[in-house]
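Peer 1: Dropping a structure here in structure tokens format, bear with me for questions.
The values are calculated or read from the model by the stated rules, or taken from the named source; none is laboratory data. Just so it is clear, the structure is predicted and the values come from calculations on it, not from any experiment. We place every Cβ from the backbone using ideal geometry, glycine too, and count neighbours over all the protein chains shown. Only protein heavy atoms, including side chains, enter the accessible area calculation; ligands, DNA and RNA are left aside. Shrake-Rupley method; radii C 1.70, N 1.55, O 1.52, S 1.80 Å.
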Amino acid sequence: MHQPSRVPACAQASCVQYRLIIRDVNTLQILQLYTCLDQIQYIEWSSDSLFILCAMYKRGIVQVWSLEQPDWHCKIDEGSAGLVASCWSPDGRHILNTTEFHLRITVWSLCTKSVSYIKYPKACQQGIAFTKDGRYMAVAERRDCKDFVSLFVCSNWQLLRHFDTETQDLFGIEWAPNGCVLAVWDTCLEYKILLYSLDGRLLSTYQAYEWSLGIKSIAWSPSSQFLAIGSYDEKVRILNHVTWKKITEFEHPATVTNPKTIVYKEVEKSPSVETERFSFPPTRALASSVFSTQSKYDISQVPASFQYIKPVADRANPKMGIGMLAFSPDNCFLATKNDNIPNAVWIWDIQKLKLSVVLEQLCAIQSFQWDPRQPRLALCTGNSKVYLWSPAGCVSVQVPTEGDFQIVSLCWHPSGDSMALLSKDNFCVCYLEREEVK
């Protein structure tokens with residue numbers, strides 16, 4: 001079963017083999033059922049939630065369905081060129097397909113049926129980036145053994161700027177939320193991040209060190225004031241938007257010694273079952289949720305030590321360094337994960353530039369994501385629980401599902417009222433009660 005696409009305002013999409021299922025996000029009632037030509041490997045909503053694309057990479061085909069007109073559909077066949085990636089443009093009326101071997105990007109218009117081509121896109125982790133307002137697109141390119149970036153105007157796909165980058169092997173690009181600065185970073189073999197303006201000028205270059213594994217992850221703050229850079233040396237460095245110099249760095253040691261840091265430790269607790277409340281035999285869902293191992297958070301005494309894993313030196317992609325980081329929507333907190341300490345999430349106070357909280361879990365962190373409306377962090381660790389942290393505290397919630405439901409990722413609804421919890425073969429929706437503002 002394919003994981004659900006990012007949830008629009010009122011509908012949710014998921015797919016099983018060649019079937020696309022559209023559900024009401026509040027009731028999970030099926031609204032539409034579409035049949036595609038082959039097994040679906042990727043789905044994505046358009047920005048206005050009126051269309052949804054289904055990519056079948058093995059056959060080089062993309063099918064597009066309309067929620068307003070269920071009888072309307074569109075089929076895009078890349079033919080012998082093949083297909084390795086597909087995505088919407090910000091206006092929700094153009095589809096960008098990347099062909100095999102990254103020979104080109106094809107821009108298909110649903111309105112005019114016109115086609116545009118962008119040559120030499122680079123095969124890298126994050127090679128296409130749109131500004132938040134949807135006006136501009138940046139594409140990483142590779143030609144003549146050099147890296148380039150091309151900037152396009154999304155309204156007509158005209159080339160705005162084209163410039164080479166001072167990178168050995170460009171790894172990713174990402175716009176600041178205000179759309180004024182483009183961050184470009186190099187391969188993990190070299191610590192280098194370059195910042196370009198909209199007209200292609202190099203604003204600044206930052207290099208923390210040399211001759212060692214470099215950048216692993218980056219994140220812009222929602223205000224565009226800060227750029228957080230996570231690296232293989234287990235540190236996060238924060239750059240400011242005025243001088244693009246480092247204002248602080250956050251270390252992730254195996255022992256926290258600051259008494260002002262709160263360490264929440266997940267501990268198992270035996271379920272207290274009031275047998276009089278249940279009819280026997282209980283339902284499978286009830287039995288799995290009630291009789292499974294429950295957990296809670298205790299506050300650890302500081303200094304507190306965490307399980308530290310030393311990576312295997314002779315293997316590729318070592319599990320070390322800052323693998324995940326994300327700012328809260330109000331710009332007040334930064335959540336990070338050091339892959340050397342896989343069971344912990346670190347939450348930093350951005351206003352004070354200090355470590356505020358550490359959540360120590362029983363299992364390794366699989367995913368975390370901030371509530372889009374408030375400073376509330378949800379995380380999962382590959383078991384049947386979802387964990388929530390806010391400045392008020394944290395809680396462990398058992399998901400009442402049948403069988404073994406191991407949550408490997410999660411996705412918030414834009415309203416912050418619910419989230420999709422995903423396992424390898426299933427998903428469920430968790431609804432949160434909104435607090436009444438007095």
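Peer 1: Provide the per-residue ³J(HN,Hα) series for the range 151-156, in order, calculated from phi with Karplus coefficients 6.51, -1.76, 1.60 and θ = phi - 60°, each as a whole number of Hz, with x at glycine and proline positions.
Peer 2: Computed from phi, the couplings for the range 151-156 are 10, 10, 8, 5, 5, 9 Hz.
Peer 1: While we're on this one: Take the solvent-accessible surface of the protein heavy atoms, probe 1.4 Å, and return the percent of it on the chain that carbon and sulfur atoms account for. Please list the in-between numbers first.
Peer 2: Values: 10790 of 21860 Å².
On the chain, the fraction of accessible area on carbon and sulfur atoms equals 49 percent.
Peer 1: Skip the ligands, DNA and RNA, and give the accessible area per residue of the chain with a 1.4 Å probe, whole Å².
Peer 2: Values: 21860 Å² over 438 residues.
That works out to 50 Å² for each residue.
Peer 1: Another one. Place a point 7 Å from the Cα of Lys260 along the Cα-to-Cβ direction; which residues of the range 347-388 have their backbone N under 14 Å from it?
Peer 2: Correct set: 348-357.
Peer 1: Same structure, new question: Would you check the accessible area of Trp389, probe 1.4 Å, heavy atoms only, in square angstrom rounded to 10?
Peer 2: 10 Å²
Peer 1: Another question, then. Using a Gaussian network for the chain with springs between C-alpha atoms less than 10 Å apart, which of these wobbles most: Val263, Val153, Val345?
Peer 2: Fluctuation is largest for Val153.
Peer 1: In terms of the Cα gyration tensor, with a ≥ b ≥ c the square roots of its eigenvalues, is the chain rounded because a/c is under 1.5, prolate because a/b exceeds b/c, or oblate?
Peer 2: oblate
Peer 1: Quick check for me: using +1 on Lys/Arg Cβ and -1 on Asp/Glu Cβ, what's the dipole size of the range 121-251 about its Cα centre, in debye to the nearest 20?
Peer 2: Dipole magnitude for the range 121-251 comes out near 360 debye.
Peer 1: How big is the dipole moment of the range 7-119 about its Cα centre under a simple scheme where the beta carbon of each Lys and Arg is +1, that of each Asp and Glu is -1, and everything else is neutral? Debye, nearest 20, please. All intermediate terms of the calculation are to be shown ahead of the outcome.
Peer 2: Working: 9 positive and 10 negative charges, 54 e Å.
Dipole size: approximately 260 debye.
Peer 1: Place +1 on the Cβ of every Lys and Arg and -1 on the Cβ of every Asp and Glu in the chain, take the dipole about the Cα centre, and give the residue among Ile309, Pro391, Ala140 whose Cα lies farthest towards its positive end.
Peer 2: After comparing all options, I get Ala140.
Peer 1: Another question, then. Average the reciprocal distances over every distinct pair of alpha-carbons in the range 348-438, invert the result, and give the Kirkwood radius in Å.
Peer 2: One over the average 1/r among Cα pairs gives 14.1 Å for the range 348-438.
Peer 1: Oh, and also: Per residue of the range 12-25, in order, report the coupling 6.51 cos²θ - 1.76 cosθ + 1.60 (Karplus, θ = phi - 60°) as ³J(HN,Hα) in whole Hz, putting x for Gly and Pro.
Peer 2: 10, 10, 8, 9, 10, 6, 9, 9, 9, 10, 10, 10, 6, 5
Peer 1: Per residue of the chain, what 222 nm ellipticity follows from adding -39500 (n - 2.57) for every DSSP H run with n ≥ 4, rounded to the nearest 500? Before the final figure, lay out the partial values.
Peer 2: Details: 1 runs with 7 residues, N = 438.
That comes out to -500 deg cm²/dmol.
Peer 1: About its Cα centre, how strong a charge dipole does the chain have in debye, to the nearest 20, once Lys and Arg get +1 and Asp and Glu get -1 at the Cβ?
Peer 2: About 360 debye.
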